[in-house]
Amino acid sequence: MKNSKLTLKKIYDFLEVHLPSYIFILLIITIGVGVFSRYVLNHPIPQLFELSIYSFVWVIYLGAAMAKRYDKHIRFDILYRKYSEKTRHVVDMVFDIITSVAFILLLIPSVRYTIMNYSIKASALRIPWTYLLMCFPIFIILMLFHMITSIIFSIKYISGKEVRIEEEVLPWQ
């Protein structure tokens, strides 16, 4: 059990921390080189522009999954803070269930769409769109895992069972 948790954490860390970090570095480099080539050399490189767009999209989706993992999504919480701890867990659970149902309904069509677009190539990079669109199904799967974990935690808390909170150290701390 301990070994599987460690393996799952490594997968989460790779997909939500390390991979987006490398992609973000790529994004910064492509934007920097693109700006330099466009305004200093007066020779724009379309592949860099396209790569920066796709890098940005990947970082956004994988970053959103990481935000769910650490419960750091932005929320309108003026009323939420006034609720008791149990009520907050009920509210979180209801929203997680609704969002999970929506993501479950989106998962199969998004995978099909991603696979279907293999024959379409990106205009400048000439790589299949499947690789560019793959971030969305990955995002959905990661979000589902985090929401199911959150729902289970909330059910245990609401039912009064003892809940051990294993706080992860945030990757940016």
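Here, each number is a calculation from the coordinates, and none is a lab measurement. Predicted, not measured: the structure shown is a model, and the values here were computed from it. When we count neighbours, we look across all protein chains shown, and the Cβ atoms used for this are built from the backbone with ideal geometry, even at glycine.
The table that follows gives values for the structure above.
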item: Meets criteria (farther than 19 Å from Phe145 by Cβ, among the β-branched types (Val, Ile, Thr) and in contact (Cβ under 8 Å) with a residue 12 or more places away in the chain) for Val59; result: yes
item: Leading residue by the ranking (surrounded by the most Cβ atoms within 10 Å (Cβ to Cβ)) among those in the range 3-29 that are β-branched (Val, Ile, Thr) and touching a residue at least 24 places away in the same chain (Cβ under 8 Å); result: Ile23
item: Residue within the range 67-90 that is part of a helix (DSSP H, G or I), closer than 11 Å to Phe139 by Cα and either in contact (Cβ under 8 Å) with a residue 60 or more places away in the chain or more than 19 Å from the chain's Cα centre (by Cα) (or both) present; result: yes
item: Residues of the range 16-62 classified as assigned to a helix (DSSP H, G or I) and at positive phi, total; result: 0
item: Test for Ile155: is it farther than 23 Å from Phe14 by Cα, hydrophobic (A, V, I, L, M, F, W, C) and not in a loop (DSSP other than H, G, I, E, B); result: yes
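Residues checked against (1) surrounded by 16 or more Cβ atoms within 10 Å (Cβ to Cβ); (2) of a type outside the set (Asp, Glu); (3) assigned to a helix (DSSP H, G or I):
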{"position": "Ile97", "(1), (2), (3)": "no, yes, yes"}
{"position": "Val101", "(1), (2), (3)": "no, yes, yes"}
{"position": "Leu105", "(1), (2), (3)": "no, yes, yes"}
{"position": "Ser110", "(1), (2), (3)": "yes, yes, yes"}
{"position": "Tyr113", "(1), (2), (3)": "no, yes, yes"}
{"position": "Arg126", "(1), (2), (3)": "no, yes, no"}
{"position": "Tyr131", "(1), (2), (3)": "no, yes, yes"}
